[in-house]
1. Filter the stretch 51-82 for residues that are open to solvent by less than 70 Å² (accessible area, probe 1.4 Å) and in contact with a Phe, Trp or Tyr (Cβ under 7 Å, 6 or more places away or on another chain); which is farthest from residue 15 (Cα to Cα)?
2. Does at least one position in the stretch 17-26 carry a residue that is loosely packed, with under 14 Cβ neighbours inside 10 Å and either modelled with pLDDT of 85 or more or in a strand (DSSP E or B) (or both)?
3. What's the number of the condition residue 40 fails, among (1) touching a residue at least 12 places away in the same chain (Cβ under 8 Å); (2) open to solvent by 70 Å² or more (accessible area, probe 1.4 Å); (3) farther than 17 Å from residue 12 by Cα; (4) among the charged types (D, E, K, R)?
Amino acid sequence: MPACHARYDVRFNDGTGVAVGGGPRYQAVVDMQEERLPDDWGDPGPLVSAQLHRWWSPFVRSIDYAPVGHRKRMRLWVDGTPRITRAHRRHLRWWLPDEDPPPDFDPEWITPP
């Protein structure tokens, strides 16, 4: 399946209540690597699976994307606790492989005589 890169702005609760918290203490930016089927136009379509690629938040020590409960629903775990989240996707694109050769690779036609 084709891989996609998705970036989300995420707001989450403080771990004690049901409502999503406000302010910078309860916000993070999350990058996910998602497996998606292509739609009719070749753009990323329905989601098949996802895994956490990286994240950023100044007030959080750790974020994981793991199952919770007996139904194995996936959820963000912030600092070791599953949280209720609201996410806004910034972008969704196909994951492009690195086309650049390694830095020490010099083909013969580039090396001077």
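1. Going through the qualifying residues, I end up with 52.
2. Within the stretch 17-26, one or more residues are loosely packed, with under 14 Cβ neighbours inside 10 Å and either modelled with pLDDT of 85 or more or in a strand (DSSP E or B) (or both).
3. Against the list (1) touching a residue at least 12 places away in the same chain (Cβ under 8 Å); (2) open to solvent by 70 Å² or more (accessible area, probe 1.4 Å); (3) farther than 17 Å from residue 12 by Cα; (4) among the charged types (D, E, K, R), residue 40 comes up short only on (1).
The values are calculated or read from the model by the stated rules, or taken from the named source; none is laboratory data. Here the structure is a predicted model, which means the values were calculated and not measured. Note that we place each Cβ from the backbone using ideal geometry, even for glycine, and neighbour counts take in every protein chain shown. Heads up: the accessible areas ignore ligands, DNA and RNA and are worked out on the full protein's heavy atoms, side chains in. Shrake-Rupley method; radii C 1.70, N 1.55, O 1.52, S 1.80 Å.
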